[in-house]
1. Output the qualifying pairs, or none if there are none: Cβ atoms under 9 angstrom, residues six or more apart or on different chains, first residue in the range 107-124 and under 27 Å from residue 367 (Cα atoms), second residue modelled with pLDDT of 95 or more and not in a helix (DSSP H, G or I).
2. So, residue 323, is that one in a helix (DSSP H, G or I) and either over 30 Å from residue 100 (Cβ atoms) or modelled with pLDDT under 90 (or both) or not?
3. Taking the stated definitions as given, is residue 288 at pLDDT 80 or above and of a type in the set (A, V, I, L, M, F, W, C)?
4. Check the range 243-254 and report whether any residue there is out of contact with any strand residue (DSSP E or B) (no Cβ under 9 Å at 6 or more places or on another chain) and surrounded by 15 or more Cβ atoms within 10 Å (Cβ to Cβ).
5. Inspect the range 95-105 for any residue being within 30 Å of residue 303 (Cβ to Cβ) and either of a type in the set (Phe, Trp, Tyr) or in contact with a helix residue (DSSP H, G or I) (Cβ under 7 Å, 6 or more places away or on another chain) (or both) and give the result as yes or no.
6. So, residue 51, is that one β-branched (Val, Ile, Thr), assigned to a loop (DSSP other than H, G, I, E, B), surrounded by fewer than 19 Cβ atoms within 10 Å (Cβ to Cβ) and assigned by TED's automatic domain parsing to the domain that holds residue 294 or not?
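The values are calculated or read from the model by the stated rules, or taken from the named source; none is laboratory data. All of these numbers come straight from a predicted model, not from anything done at the bench. Cβ: placed from backbone, ideal geometry, glycine included. Neighbour counts: every protein chain shown.
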Amino acid sequence: MTGAPSFFPSRTLGWYVARMFLIRSLVILLLLVLVLQTLDLLGESSKILAVPGNSDAQVWYYASLRFPQIVARFMPFSLLLGTLVTLVTLNQNSEIITMKAGGMSAHQILAPLFVASLFVAGVAFTFNERVVTRSTATLSAWQKAEYARVPIDSGVRSNVWVRSDDALIHAARVRGRGSLATLEGVEVFERTFERTGATITSIVRADVATYGSDGWNLANARRFVAADGTVTRLGNVTAGRGVPPDRFTLANVDGDSTSFWALGSAIDELRTAGRPTQPLEVDYWHKLAAPLSALLMPLLGAVAGFGLARSGQLLVRAVIGMGLGFAYFVADNFGLAMGNFGAYPPLLAAWGPFLLFLLIGELVLIRSEE
């Protein structure tokens, strides 16, 4: 067949390399999960069994919830080790030298690994959306209950703060949703702003507030004036004009327990409500970047596959490949931490390590080729 050379090797050779890579990565993942699951159970089983009424069934239930989390966390690492084992084996058997003698470049040799990693990334994203988020939400609620029976969610929100123009509205409890929402233990902090900052001038308190067409109707309200310490009874007054009930009824959102599409909707709602969303935006973009990190593993581990096996540097190359992979995981966690802290923008925190190590992997691969 004439024409431009294909980026991929022959179908037989490509399937041979991809199958070797996938099988080794799967075996390594299963071994890692088995060891880590056992160690985790050793630490948590005593806490679970210490709760009256719990038995071995609850221990196995915990293992079933923890298993998806361990798989999702260590899948990229298993792909890195799978790449190293595959390429070291091909190098030791002189198969890579044979491929290069046939006119194949390093990128063509790695092409089946990239395709297999892309397939794994798709599976990982689906697995995270359909399994990991649900198991994380269930396990988180169970751990908050200290492995006892999880109470049924009553729908009551507590200690809710909302900003209304210059004022701050605090509700000790919020019951109901929509126009039927009721605020209990309401405090409206009226403020003035100066060069030195905000100053609270008065506090309006009411036991109950209901939503009306003009705003929130506070029953039997009382105003405390900070300047002279006097308290004035106001009767029924209206506060929080333009503040819809949804701003009080929005629950705290956990990015790890929420799917990609649901998290995007929650971010829009929280942004509309005037709440900070940067940590959730970091989690939102990282839900895409984390599965796609599978594409980096063949590139970062490729240094182990090139160079002469008899040169005595094969072990050193494998260690370098493993070091690059570990460095990516460290940089990824650092980016997440800085994004949650607010030091990095969400896009940079989620995608910065991926793009950085993509360039580093390409540079190392080109240098290895030379």
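1. none
2. Answer is yes for this residue.
3. Judged against the criteria, residue 288 is a match.
4. yes
5. Yes, the range 95-105 contains at least one residue that is within 30 Å of residue 303 (Cβ to Cβ) and either of a type in the set (Phe, Trp, Tyr) or in contact with a helix residue (DSSP H, G or I) (Cβ under 7 Å, 6 or more places away or on another chain) (or both).
6. The answer is yes for residue 51.
Each row is one residue, and each column tells you yes or no for (1) crowded, with 18+ Cβ neighbours inside 10 Å; (2) under 18 Å from the mean Cα position of the chain (by Cα).
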{"site": "79", "(1), (2)": "yes, no"}
{"site": "104", "(1), (2)": "yes, no"}
{"site": "117", "(1), (2)": "yes, no"}
{"site": "126", "(1), (2)": "no, yes"}
{"site": "161", "(1), (2)": "no, no"}
